[in-house]
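Trainee: Structure provided below as structure tokens; questions to follow.
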Amino acid sequence: MSAVQVKNLNRRLENLASEATKELDRACGSELWKNIGFEAFDGLNDSDRRALANYYYGQLQTVRELQEVLS
């Protein structure tokens, strides 16, 4: 993979991480999930919001794993 491809991939991963973070903030109603982690979603009463939070948390974890490999 060329340096340009890696740079573009890192930019795309940052965009995905940003999107996931914004959606998690919206689903949870605050940034508290950043301190608590996955357990913060268990307290959500709305099953749709909980499912959305779980989806975006999984996306964020995948992005972080890929970023770690690329570092």
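The values are calculated or read from the model by the stated rules, or taken from the named source; none is laboratory data. Computed from a predicted structure; not experimentally measured. All Cβ positions, glycine included, derive from the backbone under ideal geometry; neighbour counts span all protein chains shown. For accessibility, only protein heavy atoms count, side chains too; no ligands or nucleic acids. Shrake-Rupley method; radii C 1.70, N 1.55, O 1.52, S 1.80 Å.
Trainee: Could you check region 10-34 and list, in sequence order, the residues that are modelled with pLDDT under 95, more than 19 Å from Gly58 (Cβ to Cβ) and not polar (S, T, N, Q)?
Mentor: Result: Gly29, single match.
Trainee: Name, by its number, the condition in (1) among the small types (Gly, Ala, Ser); (2) within 20 Å of Glu65 (Cα to Cα); (3) touching a residue at least 12 places away in the same chain (Cβ under 8 Å) that does not hold for Ala3.
Mentor: (3)
Trainee: Within region 19-71, how many residues are open to solvent by 30 Å² or more (accessible area, probe 1.4 Å), among the aliphatic types (A, V, I, L, M) and in contact (Cβ under 8 Å) with a residue 24 or more places away in the chain?
Mentor: Residues in region 19-71 being open to solvent by 30 Å² or more (accessible area, probe 1.4 Å), among the aliphatic types (A, V, I, L, M) and in contact (Cβ under 8 Å) with a residue 24 or more places away in the chain: 3 in total.
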